[in-house]
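**Q** What follows is a single structure, and I will ask about it in a moment.
Here, each number is a calculation from the coordinates, and none is a lab measurement. Source: prediction; values computed, not measured. Glycine gets a Cβ as well: all are built from the backbone with ideal geometry, and neighbour counts include every protein chain shown.
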């Protein structure tokens, strides 16, 4: 059994005859921001892991949909019918983007957190969730009954720990794991973990929020049961996310929202829709968010992953090498510097709090990064070797730089030079 999933290999294995189109542009590439002294400089956005900028094709798709924007699933008028068609086409686009099975449900949500909480409400009675302490809070907190596993020292230990935990549980069980860490960018062995889960009669939910902007994901090939991700990390910052996966739990679960659209009839009793999508999409949905999300999926697919991955790996390697050469800078990593990862790097600078570094980078150099615990408090504390500390006060926290489409070599070099200047003051 292979320990590592084949996500990076999948990207490189696209048909060699396929000609990749040019990488699409992002809005805000020409943004200028003020720095100390009142000077304006071009903005180096290195905070993609929090929210990626909007792709131009995404903005164009939303703009094209606005003139005919109307309600969905309820109107007989032309605008309503057209908007409904666009909304449902978005569902088909997302299904294809993640390589879902033909009968999988595709439920639009607000974001990954919303998606995981939706699934939490649909778990069969008595389900036990197995989750690592390395997870984002969205995957760590929603479950009424959970077994939390310590951060594994290496990928094989993650598989072993999940194996042992699942073997000890009777009744329904769900393994929850990230595909790519939002703290370190490291890729998790999701194929091996899916195999282990199914061997014990469990299902697996993969948080793909940090993976799908960087790598191709094929739910069917990896044999995953559920996948959740957010549009705002996928160059579609219009407030939509998605939960994709097996239909039975979702069709049997309590409706996530009780209201219009989720019901078939209401009189003395309420008859809910059996189909998972209307059952959990009550009220008027975020139509434009779904259209934006689908447009981002289309744009990335049309571009082709080979060129995207090649450019990202070039830039993140340059960034990591530059930071590693600076005295007093420590990169955070669970499984070592050689483990495969996406375009995320978190680090500390000796003598400075994370907030001080982030504020200096912004105020003096026009660089946007994230500081804190990245909504993964137990994991960051583990990596830093600390037991406590607030998320916002700069203690026991780190700086995170993350890249994507629109990141340039100048952005990377500016960050390295700025951190060097700060560390050597």
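**Q** Given Cα pairs under 8 Å that are at least 6 residues apart, what percent is the relative contact order of the chain?
**A** 23 percent
**Q** Shifting gears a bit: Over 10 Å intervals from 0, what percent of Cα-Cα pairs in region 332-425 sits in each interval?
**A** Spelled out per bin, shortest first, that is 15, 48, 33, 4.
**Q** I've got another one for you. Any idea what angle helix 78-97 forms with the longest principal axis of the chain, computed on alpha-carbon atoms, 0 to 90 degrees, nearest 10?
**A** Helix 78-97 and the main axis of the chain meet at about 60 degrees.
**Q** Would you calculate a helix-derived [θ] at 222 nm for the chain, using -39,500 (n - 2.57) for each DSSP H run of n ≥ 4 and dividing by the full residue count, to the nearest 500? Don't jump to the answer; show the numbers that get you there.
**A** Working: 15 runs with 159 residues, N = 425.
Theoretical 222 nm ellipticity from helices: -11000 deg cm²/dmol.
**Q** If you don't mind, another one. How do 413, 252 line up, fewest other C-beta atoms within 10 Å first? Numbers along the way, then the final one.
**A** Values: 413 15, 252 12.
By the 10 Å Cβ count, ascending: 252, 413.
**Q** Continuing with the same structure: From the P(r) of region 161-249, can you give the percent of Cα pairs sitting at distances over 19 Å?
**A** Numbers: 1585 of 3916 pairs.
Within region 161-249, distances greater than 19 Å cover 40 percent of Cα pairs.
**Q** Mind checking the angle between helix 287-303 and the chain's longest principal axis? C-alpha axes, 0 to 90 degrees, to the nearest 10.
**A** 60 degrees
**Q** Consider just the alpha-carbon atoms of region 57-302 and return their Rg together with their Dmax, both in angstrom.
**A** According to the Cα coordinates of region 57-302, Rg and Dmax are 18.2, 59 Å.
**Q** Can I ask one more? Which angle between 0 and 90 degrees, to the nearest 10, do you get for helix 354-365 versus the longest principal axis of the chain when only C-alpha atoms count?
**A** 70 degrees
**Q** Defining a contact as two alpha carbons under 8 Å apart and six or more residues distant in sequence, what relative contact order in percent does region 158-253 show?
**A** On the way: 143 pairs, mean separation 21.4, N = 96.
For region 158-253, the relative contact order is 22 percent.
**Q** Determine, at each q value in 0.13, 0.19, 0.20, 0.24 (inverse angstroms), the log₁₀ of I(q)/I(0) that the Debye formula gives when each Cα of region 28-81 is one equal point scatterer.
**A** The computed values of log10 I(q)/I(0) come out as -0.58, -0.80, -0.83, -0.96.
**Q** Counting pairs of alpha carbon atoms under 8 Å apart in space and at least six apart in sequence, what relative contact order in percent does region 178-220 give? Mind showing how you got there, number by number?
**A** Details: 32 pairs, mean separation 18.2, N = 43.
Once normalised by length, the contact order is 42 percent.
**Q** Oh, and also: Among 316, 107, which comes first, second and so on when ranked by fewest other beta-carbon atoms within 10 Å? Write down the numbers at each step before the final one.
**A** Numbers: 316 22, 107 26.
The fewest-first ordering by Cβ neighbours comes to 316, 107.
**Q** How would 92, 339 line up from fewest to most surrounding beta-carbon atoms within 10 angstrom?
**A** Numbers: 92 12, 339 16.
Final ranking by Cβ density, sparse to dense: 92, 339.
**Q** Can you give me the Kirkwood hydrodynamic radius for the chain, using every pair of distinct Cα atoms, in Å to one decimal?
**A** 22.4 Å
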